[in-house]
Structure formats: C-alpha cells, structure tokens
Amino acid sequence: MENNIDVTVVIPVHNASTWLDECLEAIAHQKSTLSIEVSLFLDSCEDNSADIAEIWREKLQDIGYSVIITSENNGRPKGVGYAKNKAVAQSKGEFLCFQDADDIMQPKRIQMQYEHAFLHKNAIVGCQFKREPPDSTVRFTKWANTLTQEQLTLQVYTSHGPTVIMPTWFCHRSVFDKCDGFDETGKGTPEDLIFFYKHLQHGGEVFRVDQELLTYRYHQAAATFSVEERTIWDLRVKELQERVLSQWPSFTIWNAGKQGRKFYRSLHLENQKKVMAFCDVDTKKVGTVYTYEEAPWKPKPKVPIIHFKEAHPPIIICMKMDLTRGDFEENLASLNLKEGTDFYHFN
C-alpha cells in the first residue's frame, strides 16, 4: 500500500466518554518522528464519545496527525472485532497500533514498538504495561510482564489469554491481512484470542518491548467480562489438541484434582486414550485410580494417579502458577524438564 502514513492508531469506541479524552491526549503527546494517523470507529455510542472525538480531531490535525472518524448506529453495538476491522479498513498506515479507548499509551510507545516491528514484520509486538488500579489482577500482570521471549510462544494455552495483551499490539498491516481481520461474532467472543491463534497457525512471531508503554485499565464495563470462561476453555483445548497433542503418542496430566480431570474430560477420545497417568503431590490421591464414570462407553476408562517424581514426559500441566508459595514451581524445576518439549502449561 503506497502512502505516507507510517503508523495508524486503531481505536474501537463504544460509550467510552469516561476515558476517551485522556486516551487521545496521550496519543497527542507521542514522542515520535513518524507520520501518524488516528482511526476511530464509533460503534453505536449512546454517550458523547462522538463529541469528544470531534474535539480531538482538530487538536490532532493541528499537530500534524491524520484523523479518520466514522460511526454507525445499529440499535446495539456489533462488537469489538467489527469495530476494529472497520477502523483498520478505513486507514492507510503501513503499521497498526491497537489502542483501547479506556487505556493510556506512554509517550514513547509508538516510536519504540515501531522500531521493533520494522525489524520483525511477521510479528505481533506487545509491551509491558501497568495496571490501573495498581492492585488489580496482580498475578496476571506479573505473568504477562515477566514471560521470557521463548515463553511468549509457549504459554499460549493458559487461561490468561494471549501472551501479549491486545491493547499493546503493534504489527505490520500484512499480519492483520493474513488473519483476515478479527472475528465479528460480537459480544461474548474473544476476538483477540481467536486472532492470536490464527497468527500462530500462520507461522507468526510474537515479541514484547520490555518497557511499560501502556496503562491498562481494569473496570467492570470492559469487553473482556462479556466472554464466558467456558468459551475461552474450549478454544484453548481445541488449539492445544491440534498443535500439541496431535503430535504426541502419549502424555501425563499434572493435577489429579478438579482442573486436571476437567481437562481430561474435555479431550477427544483419541487424546484421552493417550493419557498414561495423572501425577500429583497429594498422598491421598497418589496410588489410586481415576475412573471416568461419565464416559458413554464400557469399560469405563481408568487412569492411574502417580507421584509427580514418577511422571514421564511429555506432561500437560493443569496447575495454576504462583499460588503455592513456590512449591509447585520448585517441584517442576526439580525434574529438569524443557518447556515446549517435555511440558506445556494449561492452567
């Protein structure tokens, strides 16, 4: 695409008047030598988001930004995926910087992520972030901000979602095009996770700039709260089965408790048959057998429960991290296993 726009900031908007002014002000204060375009799509807003956007149109244009603002009123919003696609479709930037209307980018965000993405045009480039309020989602924030570069493509099956959070995404336009944009099913659809998995399926890379370049707000009106846990669970199981378990002749499940058994029951029959054992530390469970009583066939499957030290890789780990004062992490480290070869996290 021939144009003189280096980066488009993509902003989907639905009833964001509480935060939009601060969001756009931060974009205006970017310290960058790049040509920047701001593309907003207002999805059935019932507040004064449109008025705020128009005020900032003039301000942003005065400092040299291109600005595109369009809106639709459909009775009810068509969803985040639809709004993002519309904002991208009307834009011209070679690179796309995704920004939620309720978040705030730091002054060097665009320049720093651009420099990284320019060298890795097949990558989604994220960044570290700080949470607002600071005491919200502490475990999630620590996990996302401290993953190693290798773990960004290994820990993609955990309950946390994409290893780089959507409001920090920055990528070349070709990354978006290869995935045919975002799912437009609407409310309750994890369009970011669906896109992320498509990106990986296409051989896409994932990187993170290790500086806090975004303030990520936590509030009950956020779109993420409309997505049911079961929807996320099913997506994760499907992806893990297709990309990992299909390559393994057998494996062990770490956790003979509720989460481990739920994971086992969620598997296709051919993958259930590959489960050699559950492993655990609970002496009341070790040495017993789990019988899948709900199985619609006979004889009912029986899976032995062994001590974790007796477990043979590969292993799917269904333990939540950072919850046992380090005991689980210490036990895992004692086995000297390699993540991505000997085990994957599903927790």
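Determine, yes or no, whether residue 83 is on the phi < 0 side of the Ramachandran plot, part of a loop (DSSP other than H, G, I, E, B) and buried (at least 21 other Cβ atoms within 10 Å of the Cβ).
Spelling it out, it is not the case that residue 83 is on the phi < 0 side of the Ramachandran plot, part of a loop (DSSP other than H, G, I, E, B) and buried (at least 21 other Cβ atoms within 10 Å of the Cβ).
What pairs come out if I take residues in the range 4-28 that are under 12 Å from residue 102 (Cβ atoms) and pair them with residues that are among the hydroxyl-bearing types (Ser, Thr, Tyr) and in a helix (DSSP H, G or I) whose C-beta lies under 7 Å away, six or more apart or interchain?
13/49; 15/49; 16/49; 17/49; 20/49
Part of a strand (DSSP E or B), in contact with a helix residue (DSSP H, G or I) (Cβ under 6 Å, 6 or more places away or on another chain) and of a type in the set (Val, Ile, Thr): does that describe residue 253?
In short, yes.
Among the residues that make up the range 272-288, is at least one of them surrounded by 12 or more Cβ atoms within 10 Å (Cβ to Cβ), touching a helix residue (DSSP H, G or I) at 6+ places or on another chain (Cβ under 7 Å), in contact (Cβ under 8 Å) with a residue 40 or more places away in the chain and not hydroxyl-bearing (Ser, Thr, Tyr)?
Yes: the range 272-288 contains one or more residues that are surrounded by 12 or more Cβ atoms within 10 Å (Cβ to Cβ), touching a helix residue (DSSP H, G or I) at 6+ places or on another chain (Cβ under 7 Å), in contact (Cβ under 8 Å) with a residue 40 or more places away in the chain and not hydroxyl-bearing (Ser, Thr, Tyr).
Here is a yes/no grid of residues against (1) surrounded by fewer than 17 Cβ atoms within 10 Å (Cβ to Cβ); (2) of a type in the set (Asp, Glu); (3) touching a Ser or Thr at 6+ places or on another chain (Cβ under 7 Å); (4) outside any strand (DSSP E or B):
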site: 10; (1), (2), (3), (4): no, no, yes, no
site: 23; (1), (2), (3), (4): no, no, no, yes
site: 26; (1), (2), (3), (4): no, no, no, yes
site: 33; (1), (2), (3), (4): yes, no, no, yes
site: 41; (1), (2), (3), (4): no, no, yes, no
site: 55; (1), (2), (3), (4): yes, no, no, yes
site: 59; (1), (2), (3), (4): yes, no, no, yes
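Go through the residues of the range 280-289 one by one and say whether even a single one is within 21 Å of residue 299 (Cα to Cα), among the hydrophobic types (A, V, I, L, M, F, W, C) and in a loop (DSSP other than H, G, I, E, B).
No.
Within the range 158-203, restricting attention to residues that are within 14 Å of the chain's Cα centre (by Cα) and among the small types (Gly, Ala, Ser), which residue is surrounded by the most Cβ atoms within 10 Å (Cβ to Cβ)?
The residue in question is 161.
Name every residue in the range 1-33 that is of a type outside the set (A, V, I, L, M), under 17 Å from residue 89 (Cβ atoms) and at pLDDT 95 or above, in order of residue number.
The answer is 8, 12.
How many residues are under 22 Å from the mean Cα position of the chain (by Cα) and over 15 Å from residue 15 (Cα atoms) when one looks only at the range 61-81?
Here the count works out to 1.
The values are calculated or read from the model by the stated rules, or taken from the named source; none is laboratory data. Because the structure is predicted, anything quoted here is derived from the model rather than measured. A quick note on method: Cβ atoms are made from the backbone with ideal geometry, for glycine too, and the neighbour counts reach across all protein chains shown.
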